[in-house]
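One structure is given below, encoded as structure tokens.
The values are calculated or read from the model by the stated rules, or taken from the named source; none is laboratory data. For clarity, every value in this text was computed on a predicted model and none was experimentally measured. Please note: Cβ atoms are built from the backbone with ideal geometry, for glycine as well, and neighbour counts cover all protein chains shown. Note: accessible area is taken over every heavy atom of the protein model, side chains too, but ligands, DNA and RNA are not part of it. Shrake-Rupley method; radii C 1.70, N 1.55, O 1.52, S 1.80 Å.
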Amino acid sequence: MENGTKREGLGKLTVSSSLQVEQPLAPSKLWKIIVVASIAAGVQFGWALQLSLLTPYVQLLGIPHRFASFIWLCGPISGMIVQPVVGYYSDNCSSRFGRRRPFIAAGAALVMIAVFLIGFAADLGHASGDTLGKGFKPRAIAVFVVGFWILDVANNMLQGPCRALLADLSGGKSGRMRTANAFFSFFMAVGNILGYAAGSYSHLFKVFPFSKTKACDMYCANLKSCFFIAIFLLLSLTTIALTLVRENELPEKDEQEIDEKLAGAGKSKVPFFGEIFGALKDLPRPMWILLLVTCLNWIAWFPFFLYDTDWMAKEVFGGQVGDARLYDLGVRAGAMGLLLQSVVLGFMSLGVEFLGKKIGGAKRLWGILNFVLAICLALTILVTKMAEKSRQHDPSGTLMGPTPGVKIGALLLFAALGIPLAATFSIPFALASIFSSNAGSGQGLSLGVLNLAIVVPQMLVSLVGGPWDDLFGGGNLPGFVVGAVAAAASGVLALTMLPSPPADAKPAVAMGGFH
């Protein structure tokens, strides 16, 4: 039970006594939440590989830096369409297997197909007529893009229903939702750690010797081997969760409303769009502010997500694309930095709830950590200047890697970013679940609406990020500077305009559902 309010049916709110306290999660409920949240480790393992290795990989396929960000349009576009649609239909699914589980299973199956296409893009491209060696490889790029689209669709099919299922298991209780999302964020960190560790290890292909071919060099073979592991991990975790965790039967009133919606669907070819436009039209003010803060937050994060390892390879190590020495060393050092970041993310995810209570609320913690994000992104300028100033050459005139001090500084910067990342991966989803629960919205649909505030800035950055960087010389710093400004603006809005959720409200104050 939350301070001041209680959900009854689908939309009715009644005021409860301020003396009543939300009951802690029963061990059986907590166990189910942990098992479902563990799917995030499998999903994030694949995402970690994308974020650390794929931007350098597409450049090795012949796509220049200024166009590399266009490839990433696949993710936000598919997310903008798929996650809200899946959220709507999972809210209203009457399958005997459950509301969320069929979509989670379908997403896992699509991941297998996508990972195969991405991993074997160079081989399939060569078999179709691409030349060996350096240069533009159009057929491999085409296969890669198709696989990338499918992978992003699959990840959105997985993440949305997983978070919605966690909200279902939380029973609409705000404290339980925050706990569930904290576990989800924790397992994302676990997946990141495993993914970045795999990406930073340069001899993983020896475990799968068949992965190295004429068209697929050592770097490509390592990427392919990583994806083999990703398939095994995701399928194992998904199978365990879908086998052991059964969804609760829908209340009779929910079933009646679903039947009515499905009956109405026969009159409309795409009933979802009416629902999503209605959800946006009737969105309460707190949700609009949450969408704005989230949007600015992702404008800050996405340039770094796209080019973190590329920044380490070019600006810190001084390498160039195609340089098998410095650039490759820089990419792997960046993957190591992301691994350290994920370790910090994991510990921080478990402490978000505690820190939020100590600081005065989740939204205040999020605002403060957005300023930490802004400072970290601004410090990339300092690290880059230090790296440029300390460049050294060996006696033969060959450029050497960065000094230990510069490398340590860059790795510490990666690690520090794990602190605000924990808030980004948990707090907005928990707030959306709480706000939507009190407003009578379906969890899947509401989280799909929140996803729009994530994918729209990703689309914006993907479209203008590369040309923007190219305008200032082709480096990565211009995008990072814009990110720092956006993070600071997000922090200001979170602290000044974003309302506290019901659980953070003062005792005896009834929160009216934000209608």
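Of note:
- Only one of Ala189, Ala198, Ala221 that is under 22 Å from the mean Cα position of the chain (by Cα), of a type outside the set (Lys, Arg), farther than 30 Å from Phe97 by Cβ and assigned to a helix (DSSP H, G or I): Ala198
- Per the listing Gly409, Gly351, Gly401, Gly405, the residue uniquely at negative phi, in contact with a Phe, Trp or Tyr (Cβ under 8 Å, 6 or more places away or on another chain) and surrounded by fewer than 23 Cβ atoms within 10 Å (Cβ to Cβ) is Gly401.
- Within region 83-109, considering residues that are under 23 Å from Leu151 (Cα atoms) and aromatic (Phe, Trp, Tyr), the one most open to solvent (accessible area, probe 1.4 Å): Tyr89
- One residue from Phe184, Phe205 being in the same structural domain as Ala41 (by the TED database) and either modelled with pLDDT of 80 or more or open to solvent by less than 10 Å² (accessible area, probe 1.4 Å) (or both): Phe184
Yes/no matrix, rows are residues, columns are (1) free of Cβ contacts under 8 Å to residues at least 24 places away in the same chain; (2) buried (at least 24 other Cβ atoms within 10 Å of the Cβ); (3) under 30 Å from Ala241 (Cα atoms):
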position: Val111; (1), (2), (3): no, yes, yes
position: Leu117; (1), (2), (3): no, no, yes
position: Leu124; (1), (2), (3): yes, no, no
position: Asn155; (1), (2), (3): no, yes, yes
position: Gly160; (1), (2), (3): no, yes, yes
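- Screening the candidates Gly351, Gly334, Gly346 for the property of being more than 30 Å from Tyr219 (Cα to Cα) and assigned to a helix (DSSP H, G or I) yields one hit, Gly351.
- Which listed residue, of Gly199, Gly191, is modelled with pLDDT of 80 or more and within 21 Å of Pro56 (Cβ to Cβ): Gly191
One line per residue, one yes/no per condition, for (1) open to solvent by 10 Å² or more (accessible area, probe 1.4 Å); (2) under 18 Å from Ile231 (Cα atoms); (3) not assigned by the TED database to the domain that holds Val86:
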site: Ala121; (1), (2), (3): no, yes, no
site: Ser128; (1), (2), (3): yes, no, no
site: Val143; (1), (2), (3): yes, no, no
site: Val146; (1), (2), (3): yes, yes, no
site: Trp149; (1), (2), (3): yes, yes, no
site: Arg163; (1), (2), (3): yes, no, no
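- Residue check for Pro395: without any contact (Cβ under 8 Å) to a residue 24 or more places away in the chain and not in a helix (DSSP H, G or I): yes
- Output for region 130-172, where each listed residue is touching a Lys or Arg at 6+ places or on another chain (Cβ under 6 Å) and on the phi > 0 side of the Ramachandran plot: Gly172
- Any helices (runs of 4 or more DSSP H) falling wholly within region 244-329 and containing at least 3 residues that are modelled with pLDDT of 85 or more and touching a helix residue (DSSP H, G or I) at 6+ places or on another chain (Cβ under 9 Å): 285-311
- Residue ID - surrounded by the fewest Cβ atoms within 10 Å (Cβ to Cβ), chosen from residues in region 480-515 that are at pLDDT below 90 and part of a helix (DSSP H, G or I): Asp504
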